[in-house]
Structures are given as structure tokens and as C-alpha cells.
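The values are calculated or read from the model by the stated rules, or taken from the named source; none is laboratory data. Keep in mind it's a predicted model, so treat the numbers as computed, not measured. Note that we place each Cβ from the backbone using ideal geometry, even for glycine, and neighbour counts take in every protein chain shown.
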Amino acid sequence: MADQSIFNVKYPIIQAPMAGVQDSALAIAVSSAGGLGSLPCSMLNHDALHAELSRIRSQTNQPVNVNFFCHTAPRFDARAEQKWRSILQPYFEEYEVDIDDIPAGPGREPFSHAATDVLESFRPEVVSFHFGLPDQELLTRVKSWGATVMSSATTLDEARWLEANGADVVIAQGIEAGGHRGMFLSADLSRQTGTFTLLSEITHEVNVPVIAAGGITDAKGVASALSAGAAAVQMGTVYLRNNQSAASSSD
Ligand SMILES: Cc1cc2nc3c(=O)[nH]c(=O)nc-3n(C[C@H](O)[C@H](O)[C@H](O)COP(=O)(O)O)c2cc1C
């Protein structure tokens, strides 16, 4: 059943956070229109995070979701670096790409106390995570200002884990989902199912509200997810061609 009261928004629609292809402009547009806009924060340094949240709070008084990753940051491995470079070398030559001319992109930072220090002054209504949840100390800090915490599950096991470890809402992220999926208990793709199968499994087994994400692009898809037990939907790819998206024509 649709349950807008979870997020205090008019429509049971969450604009999916999409790191690298959107910023506060899309979040502001969606929240102002009655959905739940999301700001992807994993690629923002703390000054940028502060600036983006200031922009959101100055342009809408509606609820907003901020999204972070909870991965363990990989350590630089010179051998692995050398290996992938040599595998791709024929393509660099074919397309005359000098790899040393390619500037390094921003990394993906795991959620931290420093990020929470920035969030505390803005008190975002919803905080969502990818790749599990932060440790209990960080989670307690996030919940201290009343934020609703959600995270993505790509399997029933992950949904059970999220519920047991403090998620207020679970996002059932099916295999159709665009971008990357937030798997964190297993990397075995054969265990993942489509959005509607996963939604049904999770709604039967967990007690917190469940959001459907993956392959939903229109009103019929939204209605189907709600009638299958989703409290709301989270849609990403469908927003990429929106005027407020920062995706380039080649993304
Ligand atoms: C380009 C792109 C980037 C994404 N980046 C994130 C992200 O930073 N954090 C996150 O939680 N989900 C991310 N996702 C996944 C979305 O949250 C959501 O699960 C997905 O978009 C739903 O499937 P759909 O694209 O078919 O609507 C991303 C999705 C896309 C398409």
C-alpha cells in the first residue's frame, strides 16, 4: 500500500540518488513537485556537501533524501592497476587514447563522522545508504535528528539484515535497476531476481515499509508496485533525460 506518511510527501515517488549524473537541481525539482528528491553524496567533499544542502534548503522546504555509500574503500594496488591497464592496452592503441592524459575522477567516499557533522546542521529528513549500513555509532547520530534511514537490498537475505541492523525502510532493488546495485552480502548475481519477485519476497518477510526500485518508468509501473505491496517506488533511469539532470548526451 502507498504510504506517503513515511516521507511526508504528496506522491509515493522517490527520485533515485544517482552519483555522477545529478546534483541538487534535480532533487530540488522533484521535492518541490511533491516527490522525494535525492542528493547523491558519495562523490562530494564536505565543502560541496555543505554547498549542495544549503542550496536545497534555500530553494525548497519539502523533505529531501541524502544518499551515501557504506563500502570499505579499496586500497590502491599497483599490480591490479598494471593488470587492467595492460588488458585494455589494445583499445587505448586502437582509439589513440593516452591513459596518462585522462584526469582521475573523484573517488567514492564511505559515510563518515565528518559527513555527519555537515548533515547535523541541515537535519535531512531521509538518509539512504548503498552497500549496507554504517556502524551503529554513526547510525545513532543520523537517527538523533529524526531522520528516516533506508538502504537497498538486492536479495531477501540483505533485506533481513537491513531490518535487523536498524533500517527504517528497505529498498527492494531488482536486477533491472540502472546504475549499480547495492549488493553487500553476496556478489553472486545468480541469487538476484527481478524487482517484482524481490518485492514480493521482501514484503512477506520483513516488517518495515518496502520501496520498489528497478525498471519502473511510468504510472502503470508505479501502480503495479503499489498494488504489489510497495510503500513507494524509487526511479532513477527515467530521470536521466530530465532538464535538471546533469547527464551528458554520452552518459
Ligand atoms: C546512473 C545511475 C547512478 C546511480 N547511482 C546511485 C547512487 O549513487 N546511490 C544509490 O543508492 N543508487 C544509485 N543508483 C541506483 C538507484 O538508486 C535505483 O536503484 C535505480 O535507478 C532504480 O532502477 P531504474 O534506474 O531502472 O529506475 C543509480 C542509478 C543510476 C541509473
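What the table shows:
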| quantity | calculated |
| --- | --- |
| Matching residues in segment 226-251 - criterion: being of a type in the set (Gly, Ala, Ser) and either near the ligand (Cβ under 7 Å from one of its atoms) or over 14 Å from Ile14 (Cα atoms) (or both) | Ser227, Ala228, Gly229, Gly236, Ser245, Ala246, Ala247, Ser248, Ser249, Ser250 |
| Single match in Ala223, Ala212 (criterion: away from the ligand (no atom under 12 Å from the Cβ), at pLDDT 95 or above and at negative phi) | Ala223 |
| Members of segment 139-184 that are of a type outside the set (D, E, K, R), more than 16 Å from the ligand (Cβ to nearest atom) and either closer than 22 Å to Thr237 by Cβ or free of Cβ contacts under 8 Å to residues at least 40 places away in the same chain (or both) | Leu139, Thr140, Ser144, Trp145, Gly146, Trp161, Ala164, Asn165, Gly166 |
| Residue in segment 53-71 that is assigned to a helix (DSSP H, G or I) and either closer than 30 Å to Gly174 by Cβ or touching a strand residue (DSSP E or B) at 6+ places or on another chain (Cβ under 8 Å) (or both) present | yes |
| Single residue of segment 44-56 satisfying the filter (out of contact with any helix residue (DSSP H, G or I) (no Cβ under 6 Å at 6 or more places or on another chain) and crowded, with 16+ Cβ neighbours inside 10 Å) that is farthest from Ala219 (Cα to Cα) | Leu44 |
| Residue match in segment 106-117 (condition: within 16 Å of the ligand (Cβ to nearest atom), at pLDDT 95 or above, more than 30 Å from Glu81 (Cα to Cα) and surrounded by 12 or more Cβ atoms within 10 Å (Cβ to Cβ)) | no |
| Counted residues, segment 117-155 - those being under 16 Å from Leu44 (Cβ atoms), under 17 Å from the mean Cα position of the chain (by Cα) and in a helix (DSSP H, G or I) | 1 |
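Okay, residues lined up against (1) surrounded by fewer than 16 Cβ atoms within 10 Å (Cβ to Cβ); (2) of a type in the set (A, V, I, L, M); (3) more than 16 Å from the ligand (Cβ to nearest atom):
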residue	(1), (2), (3)
Leu36	no, yes, no
Ser42	no, no, no
Thr60	no, no, yes
Pro63	no, no, yes
Asp77	yes, no, yes
